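In what follows, a structure is listed as structure tokens, so that the remarks can point back to it.
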Amino acid sequence: MMRAAAVSTPRLDRMPGMFFSAAPKDLKGTDHSLLDDKTQKRRPKTFGMDVKAYLRSMIPHVESGMKPSKSKDILSADEVMQWSQSLEKLLTNRTGQVVFGRFLKSEFSEENIEFWLACEDYKKTQSDLLHYKAEKIYRAFVHSDAAKQINIDFRTRESTAKKIKAPTPTCFDEAQKVVYTLMEKDSYPRFLKSNIYLNLLNDLQANSLK
């Protein structure tokens, strides 16, 4: 019988550098973490080891023989293979978001998925917090001086700046679409050929044969 790998799906609100919703009081004094200087984006000397440790954490049974405790925590080779069908398929999977985010971090372009996830979260925002969160996202990712500035054209940047003055749940949709297309055509194909993805898939497939 084929066995699936046990994985504890990482909580996205704990991912380093990720932009997530919070009440104003929770974000007080944390602007420096959202607006980290781009000069800090240096490849760590232990990057290779970090990736290996991360992959082991994704499939702990490979190292420890742990058994899955809950079906919802199981990550199978088939599920990971489905990530190669489309970027949409990858991003609808919570673990897929984390693994892709790790890959983008290795390419110093993690601001793309951080912005995309921030937009997804923003769409669920209560109306009384729209203005506050729109400003946070704009200052972190869209403003011309943003430390995590996304790569969008001037027209889209200006259009988004006007929209957040009277924010709606869809005011970032245009910019989000541009970033999604950029990831789809550029980063995603490389991700599917990366060691981060292939090592995870190979380990899961090898485990399923045991």
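The values are calculated or read from the model by the stated rules, or taken from the named source; none is laboratory data. These numbers come from a predicted model, not from an experiment. Neighbour counts run over all protein chains shown; Cβ positions are idealised from the backbone, glycine included. Remember, those area values only see protein heavy atoms, side chains included, never the ligands or the DNA or RNA. Shrake-Rupley method; radii C 1.70, N 1.55, O 1.52, S 1.80 Å.
Among (1) farther than 19 Å from Leu129 by Cβ; (2) assigned to a helix (DSSP H, G or I); (3) among the β-branched types (Val, Ile, Thr), there is one condition Thr160 misses while meeting the rest; what is its number?
Single failed check for Thr160: (1).
Go through the residues of region 122-130 one by one and say whether even a single one is assigned to a helix (DSSP H, G or I) and under 19 Å from the mean Cα position of the chain (by Cα). Can you show your working first?
Taking region 122-130 and keeping what is assigned to a helix (DSSP H, G or I), we get 122, 127-130.
From what is left, the residues that are under 19 Å from the mean Cα position of the chain (by Cα) are 122.
Checked against the condition, which is being assigned to a helix (DSSP H, G or I) and under 19 Å from the mean Cα position of the chain (by Cα), region 122-130 yields at least one hit.
So Leu130 clears everything in (1) touching a residue at least 40 places away in the same chain (Cβ under 8 Å); (2) open to solvent by less than 60 Å² (accessible area, probe 1.4 Å) except one condition, right? Which one?
(1)
Okay, residues lined up against (1) on the phi > 0 side of the Ramachandran plot; (2) out of contact with any strand residue (DSSP E or B) (no Cβ under 6 Å at 6 or more places or on another chain); (3) outside any helix (DSSP H, G or I); (4) surrounded by fewer than 17 Cβ atoms within 10 Å (Cβ to Cβ):
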position	(1), (2), (3), (4)
Ala166	no, yes, yes, yes
Glu184	no, yes, no, yes
Ser187	no, yes, no, no
Arg190	no, yes, no, yes
Leu198	no, yes, no, yes
Ala206	no, yes, no, yes
